[in-house]
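Undergrad: Please find one structure pasted underneath; my questions will follow.
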Amino acid sequence: MAQLLFLSLRNGEIGPQVARAEYHDALQSAGLDEVDMELRVIDAPGVALGPLDGVAGVIVGGSSLNVTNSEPELYDDYQKHVHAVLAELIESGVPVFFVCFGLSWLVHQFGGNVGHDHAEDSGPTTVSVTDAGREDVLLAGAPAEFTALTGHTENPQEVPEELTLLATGPDGLVQIVRYGDHVWATQFHAEMDADAMRTRMDFYYDYGYFAPEDYARIVADLPNHDVAAANGLVRRFAEYCAAR
């Protein structure tokens, strides 16, 4: 397959470890080896996106950032830089697959509201494909409803007209959107299986994604859920990029 790029938005003390873990998860779900996908980490305001020549597509991992952290004018330098990098990326013409934070950012970028009315604790969630989603290149062949793994404290409250709603979730939660014909964003972590989610929960044990007293119960339940359809989106994105 053509060369892909995994872009990590992890910083701080545990940032390097999380970046490597989510890079590994993306490789596994896409069915790729390290030679097929480069890892770049945006971990400080001075770190540029870098050249995209020869890059067939970009998978953007999650982030502990929230667009609702404060008013945009009060974002710290790192968050402002991340937003600028992502804006550069979606206008580059290169296919992009955002995970979790990228969905909130994309909605925010086009003037939509992001709040906390559909936050989900770490664990399984339901994804229901819309009529538009059934015609989407990544969702073609996916079940009309499938299970994915998630954990988020904020969520889009609307879908701006620039975005196409491809899938919803419990109580109307926005699960997948597309910008144009080659930029996708999922609220859930399409790259994660049970082992990957347990690792991520260990990294972010006290970040508010789940109650600490629920950790053992959530981890024990994770293997009971088939997330092959969710992982398949990452593989189909890789295949889509290779075929372009």
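Undergrad: Just name the residue that is nearest to Arg236 (Cα to Cα) out of those in the stretch 20-70 that are touching an Asp or Glu at 6+ places or on another chain (Cβ under 6 Å) and not aliphatic (A, V, I, L, M).
TA: Among them, the one singled out is Ser29.
Undergrad: Do any residues in the stretch 147-158 that are in contact (Cβ under 8 Å) with a residue 12 or more places away in the chain have Cβ atoms under 6 Å from those of residues that are outside any loop (DSSP other than H, G, I, E, B) and small (Gly, Ala, Ser), where the two are at least six apart or on different chains, and which pairs are they?
TA: Ala148/Ala230; Gly151/Ser122; Glu154/Ser104; Gln157/Gly115
Undergrad: Could you please find all residues in the stretch 28-69 being out of contact with any helix residue (DSSP H, G or I) (no Cβ under 8 Å at 6 or more places or on another chain), among the charged types (D, E, K, R) and under 13 Å from Phe6 (Cβ atoms)?
TA: Correct list: Glu38, Arg40.
Undergrad: Another question, if that's okay. Just the residues that are at negative phi and either assigned to a loop (DSSP other than H, G, I, E, B) or not acidic (Asp, Glu) (or both), please, taken from the stretch 118-130.
TA: Across the stretch 118-130, the qualifying residues are His118, Ala119, Ser122, Pro124, Thr125, Thr126, Val127, Ser128, Val129, Thr130.
Undergrad: Oh, and also: Out of the residues in the stretch 207-225 meeting the condition of being modelled with pLDDT under 90 and closer than 20 Å to Thr147 by Cβ, tell me which one is farthest from the chain's Cα centre (by Cα).
TA: The qualifying residue farthest from the chain's Cα centre (by Cα) is Phe210.
Undergrad: Kindly indicate whether any position in the stretch 93-106 is surrounded by fewer than 23 Cβ atoms within 10 Å (Cβ to Cβ), farther than 24 Å from Tyr205 by Cβ and among the aliphatic types (A, V, I, L, M).
TA: Scanning the stretch 93-106 turns up at least one residue that is surrounded by fewer than 23 Cβ atoms within 10 Å (Cβ to Cβ), farther than 24 Å from Tyr205 by Cβ and among the aliphatic types (A, V, I, L, M).
The values are calculated or read from the model by the stated rules, or taken from the named source; none is laboratory data. Values in this document were obtained by computation on a predicted structure and should not be read as measured data. Using ideal geometry, Cβ is built from the backbone for each residue, glycine included, and neighbour counts are taken over all protein chains shown.
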